[in-house]
Amino acid sequence: MTIEIINIGDELLIGQVINTNAAWMAERLNLSGFVVRQVTVIRDSREEILEALYAAEKRSEVVLISGGIGPTNDDITKQTLCEFFNTRLVFDPAAYRDIETIFARRGFPVTELNRQQAELPEHCISLPNKLGTARGMWFEKETGKTKSIVVSMPGVPFEMKALMTEEVIPRLQQCFKTSFIYHKTVLTQGIGESFLASRIESWESSLPENIKLAYLPQPGIVRLRLTGTGKDEQKLKHQIDQAVSDLGVIIPEFIYGFDEETLEEIIGKLLTNKKQTLATVESCTGGYLAHLITSVPGSSRYFKGSVIAYSNEIKKKFVNVPLETLDKFGAVSEQVVMEMAISLQTQFGVDFVIATSGIAGPDGGTPEKPVGTTWIAIATPDEVVASHFLFGDSRDRNIRRTALQAMAMLRTKLII
């Protein structure tokens with residue numbers, strides 16, 4: 001059974017509003033065992049809505065629409081659906097009572113435009129919207145030996161999500177039997193997508209036919225998403241868990257977590273469990289590393305603070321990097337990041353320090369130290385280590401990759 005999503009709204013096509021509805025709907029449907037075949041985004045236009053509906057009806061058994069059913073004159077989806085299903089609008093007293101309740105709670109009278117929200121296509125099943133005035137509309141249509149379903153929902157994300165969760169998905173599950181779908185995402189860091197693919201080629205080719213692998217690269221990270229389908233949920237989970245276990249034997253040094261975990265959460269748990277503390281001293285990352293670390297609730301238990309030592313003057317005055325070291329080796333060097341890490345470890349009295357220095361770009365590079373050149377140092381209770389990287393020529397990606405690489409380096413020290 002396949003589903004098609006149609007998102008309606010001029011604002012989506014001019015980039016004024018990001019179409020988050022499609023992503024959320026597709027994810028929830030997939031987790032519920034449904035296959036989303038296509039997503040279509042169209043304008044608030046009668047002709048385009050009809051064209052999209054006729055095309056979707058031929059491709060998919062279920063069509064889910066969001067948008068175009070508000071109280072304003074440019075919302076024409078409801079009238080167009082009446083035309084598509086050869087029906088008419090009728091007044092729904094129950095829907096109107098809900099609208100009155102909502103407006104009374106807000107202290108406003110019901111306007112004529114809002115009253116029209118209670119006019120619904122005669123041949124639809126009305127789906128209550130507890131969070132707004134536009135009801136969901138469920139249509140069923142016989143097409144030969146099969147039945148097609150069209151559901152129209154508001155475009156307001158929190159209203160659509162409530163309708164999907166409470167009404168639409170449960171009804172679809174009653175109408176269609178679906179296979180189980182199980183996802184497991186393996187998070188890797190420190191190896192590029194193409195090198196990773198070569199490293200795990202044999203493992204990938206040995207996966208069962210019902211398990212598919214997707215590479216999902218981001219700056220500094222490659223997520224490996226395993227998706228399995230089957231009738232037996234426990235057997236399916238066992239298959240994927242075994243595949244993940246086998247992968248862990250092949251690339252243990254690159255796997256740092258699973259599913260929605262982040263490096264900052266992982267190092268936070270490790271520091272908390274070990275009752276150890278951390279600080280950062282940042283040059284090229286400009287505080288981004290500290291931002292990631294402190295984005296984790298409870299990070300004050302282990303993170304003590306940061307110094308953004310962007311200039312040589314600050315490195316010398318507040319981080320105590322000797323001027324002769326800066327002059328001899330330059331700010332972007334092994335010697336300087338190690339001095340930065342050692343000094344802050346002493347000043348802050350912490351167990352670990354991460355120090356970063358690099359040429360983020362787009363300018364500032366030299367033949368000896370091109371844009372993307374980065375040094376990262378980790379001071380631990382027992383040693384100070386530094387590593388050199390050459391990330392690339394994109395400033396934003398360089399900053400992101402430096403922060404991720406720094407946390408990955410710290411993680412390896414924490415799990416020893």
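The values are calculated or read from the model by the stated rules, or taken from the named source; none is laboratory data. Note that the structure is a prediction, hence the values are computed from the model and not measured. Reconstructed Cβ throughout: ideal geometry from the backbone, glycine too, with neighbour counts over all protein chains shown.
May I ask you to verify whether residue 147 is basic (Lys, Arg) and assigned to a strand (DSSP E or B)?
Considered against the rule, which asks whether it is basic (Lys, Arg) and assigned to a strand (DSSP E or B), residue 147 comes out as yes.
When residues of region 1-34 are filtered for being surrounded by fewer than 17 Cβ atoms within 10 Å (Cβ to Cβ) and either β-branched (Val, Ile, Thr) or more than 26 Å from residue 176 (Cα to Cα) (or both), how many remain?
Total meeting the criteria: 10.
Being in contact with a His (Cβ under 6 Å, 6 or more places away or on another chain) and surrounded by 14 or more Cβ atoms within 10 Å (Cβ to Cβ): is that true of residue 227 here?
Against the criterion (in contact with a His (Cβ under 6 Å, 6 or more places away or on another chain) and surrounded by 14 or more Cβ atoms within 10 Å (Cβ to Cβ)), residue 227 qualifies.
Checking the conditions here, which among 220, 248, 287 is at pLDDT 95 or above and over 29 Å from residue 180 (Cβ atoms)?
Result of the check over 220, 248, 287: 287.
I need the full set of residues from region 331-372 which are of a type outside the set (A, V, I, L, M, F, W, C), buried (at least 18 other Cβ atoms within 10 Å of the Cβ) and not in a helix (DSSP H, G or I), in order please.
Correct list: 333, 351, 356, 357, 358, 361, 369, 372.
Residues in region 294-324 that are over 33 Å from the mean Cα position of the chain (by Cα) and crowded, with 18+ Cβ neighbours inside 10 Å: how many?
Counting residues in region 294-324 that are over 33 Å from the mean Cα position of the chain (by Cα) and crowded, with 18+ Cβ neighbours inside 10 Å gives 3.
Would region 53-60 turn up any residue that is more than 20 Å from residue 168 (Cα to Cα), among the aliphatic types (A, V, I, L, M) and more than 38 Å from the chain's Cα centre (by Cα)?
No.
Quick test for you: out of 141, 184, 177, pick the one residue that is under 22 Å from residue 58 (Cα atoms) and assigned to a strand (DSSP E or B).
141
Looking at region 81-91, is at least one residue assigned by TED's automatic domain parsing to the domain that holds residue 111, within 29 Å of the chain's Cα centre (by Cα) and not in a loop (DSSP other than H, G, I, E, B)?
There is no residue in region 81-91 that is assigned by TED's automatic domain parsing to the domain that holds residue 111, within 29 Å of the chain's Cα centre (by Cα) and not in a loop (DSSP other than H, G, I, E, B).
Return the residues of region 396-416 that are buried (at least 17 other Cβ atoms within 10 Å of the Cβ) and closer than 23 Å to residue 363 by Cα; say none if nothing qualifies.
Answer for region 396-416, where residues must be buried (at least 17 other Cβ atoms within 10 Å of the Cβ) and closer than 23 Å to residue 363 by Cα: 397, 398, 399, 400, 401, 402, 403, 404, 405, 406.
Any residue at all in region 104-115 that's exposed (fewer than 15 other Cβ atoms within 10 Å of the Cβ), under 14 Å from residue 133 (Cα atoms) and aliphatic (A, V, I, L, M)?
Yes, region 104-115 contains at least one residue that is exposed (fewer than 15 other Cβ atoms within 10 Å of the Cβ), under 14 Å from residue 133 (Cα atoms) and aliphatic (A, V, I, L, M).
Out of all the residues in region 18-32, is one or more closer than 30 Å to residue 230 by Cβ, in a loop (DSSP other than H, G, I, E, B) and under 26 Å from the mean Cα position of the chain (by Cα)?
yes
What are the pairs, 6+ residues apart or on separate chains, where a residue within region 230-259 that is acidic (Asp, Glu) has its Cβ under 7 Å from a residue that is part of a loop (DSSP other than H, G, I, E, B)?
none
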